[in-house]
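Here the structure is laid out as structure tokens; the discussion comes afterwards.
The values are calculated or read from the model by the stated rules, or taken from the named source; none is laboratory data. Bear in mind that the values here come from a model prediction, so they are computed numbers and not experimental data. Please note: Cβ atoms are built from the backbone with ideal geometry, for glycine as well, and neighbour counts cover all protein chains shown.
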Amino acid sequence: MDEILPEVFESALLRHFSFQPTAGQKRLFYAFARMVFSNKPRCALMIKGYAGTGKTTTVSAMVRALQEIGKNVVLLAPTGRAAKVLSNYSGRPASTIHKQIYFRKTDRNGNVWFELKENELENTVFFVDEASMIGTERFQMTRDDLATGDLLEDLVSHIFSGERCSMVLIGDGAQLPPVGSNKSPALDIAFLRDEFSLNIAEVELNEVIRQQGGSGILENATALRELIIKGVPQYPVIQTAGFTDINKVETDLQPIVEAGFRNYGKDGTIIITRSNKNAIKYNQQVRIRILGNEDEINSGDRMMVLKNNYFWLEEGSSASAGFIANGDVIIIERIRKFEDRGSFRFCTAVVTLADYPEIPEMEVILLCSTIWEESAGMSYEKMKELWTTIAQDYQDLDSVPKIRKAVQADPYYNALHVKFAYAITCHKAQGGQWPMVVVDQGYVTEEMYGVELNRWMYTAFTRAQKELYLVGFS
């Protein structure tokens with residue numbers, strides 16, 4: 001029976017697949033069927049799928065075929081927005097990796113940290129999308145520098161602590177690697193074998209399935225991918241002529257963005273830039289010229305969180321393992337008040353989380369001082385200044401530990417660090433998809449030509465689902 005099952009399951013995969021499979025997709029279904037019924041320990045499969053190769057449709061077929069035979073499935077992604085995309089194309093709920101693998105702990109002094117959960121599931125296939133974003137550096141999980149293990153190590157440990165569980169890593173090797181890395185460790189099969197003793201196979205989908213009439217987004221993404229694979233320091237030839245989905249912007253951008261908001265809404269339109277400085281300029285222009293928002297913050301504004309925050313969501317909340325994560329988008333529902341404390345500006349507002357509609361609206365405090373800073377987040381020196389400012393309210397306490405505990409529990413010290421989210425950098429956009437994307441390449445010199453720039457372009461271009469507009473491209 002064991003010899004027949006993979007072949008029967010492979011037929012089910014093809015039945016759930018709506019198209020004529022390419023050679024690469026057939027190889028993938030063959031490898032996946034063998035992994036599902038393998039008796040080897042720590043089985044995994046890596047799917048590298050470039051833009052336009054049918055990665056989402058194959059994964060969707062795999063999920064449906066597993067459900068048909070009664071196999072458990074868990075869908076994961078590094079961010080809330082990426083989990084939302086995965087859920088949309090698979091037709092099943094998906095969550096963040098953090099929510100799946102960690103549980104939150106708090107001590108009596110208010111320190112917060114996360115510990116790794118045991119995997120209580122059995123006979124389950126874990127699909128992990130956007131694997132190129134998963135790093136191995138030790139990441140900060142609290143405001144007090146209490147770190148857990150690296151995300152990739154913890155993910156693998158969690159999954160394989162369950163009985164007869166297996167893992168499918170899904171990613172695009174041409175996209176940007178994690179911040180501070182020159183490659184994506186979760187898409188490096190030799191590293192995964194050596195570091196985690198996995199029985200892992202790799203299938204690469206590289207046959208582009210052309211859309212009817214041709215897609216300019218796909219055409220240019222494919223050309224960029226070929227340059228990335230070759231590793232040559234060459235600026236790509238961008239083709240827009242003859243395509244309706246990709247356009248070079250040579251006039252005022254305002255009517256284009258206005259049309260995007262009108263056709264797709266503020267959630268369906270994004271501007272991607274190469275620097276926080278340029279993102280700030282675009283956010284100013286969008287708010288004033290298009291939205292007419294002249295106040296510091298207006299109801300309806302979309303803002304991106306810059307730093308993990310553990311204060312405003314209750315433990316056990318369904319969002320991001322009980323914390324508001326760096327990169328999450330909030331929507332301002334109502335403004336309560338603005339106030340200054342020392343050199344810092346705060347806003348009390350009622351907000352909702354854009355990618356977690358099941359979370360009810362909540363009243364929070366926003367740190368307005370980070371909105372127009374050109375850095376990605378608040379500096380260490382400014383955080384020390386904030387601590388000193390808040391601590392002044394607790395000088396009547398008779399010991400340093402008591403003051404420290406009071407500051408850690410203070411809502412102003414725990415204010416959400418935010419910027420506006422109409423224009424963002426490419427790393428912040430990674431894992432998300434929008435119907436309409438505007439990409440501003442910014443200032444580029446010949447010295448900058450090469451794989452890194454082409455990866456940036458490829459990642460930015462492939463965020464667009466329907467329309468792509470290019471600003472500053474030659």
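Within segment 167-178, identify whether any single residue is assigned by TED's automatic domain parsing to the domain that holds GLY49, loosely packed, with under 15 Cβ neighbours inside 10 Å and either within 23 Å of the chain's Cα centre (by Cα) or at pLDDT 95 or above (or both), and answer yes or no.
No.
Output the qualifying pairs, or none if there are none: Cβ atoms under 6 angstrom, residues six or more apart or on different chains, first residue in segment 390-411 and without any contact (Cβ under 8 Å) to a residue 60 or more places away in the chain, second residue among the acidic types (Asp, Glu).
Taking only residues 6 or more apart or on different chains, the pairs are ILE390/ASP410.
Report, ordered by the first and then the second residue, all pairs with beta carbons closer than 8 Å, sequence separation of six or more or different chains, a first member in segment 275-288 that is more than 20 Å from SER299 (Cβ to Cβ), and a second member that is among the β-branched types (Val, Ile, Thr) and outside any helix (DSSP H, G or I).
SER275/THR425; ASN276/THR425; ALA279/ILE271; ALA279/THR273; ALA279/ILE424; ALA279/THR425; TYR282/ILE271; TYR282/THR273
Suppose the filter is touching a residue at least 60 places away in the same chain (Cβ under 8 Å), among the small types (Gly, Ala, Ser) and buried (at least 21 other Cβ atoms within 10 Å of the Cβ); does GLY231 pass it?
Here the answer is no, as GLY231 does not meet what is asked.
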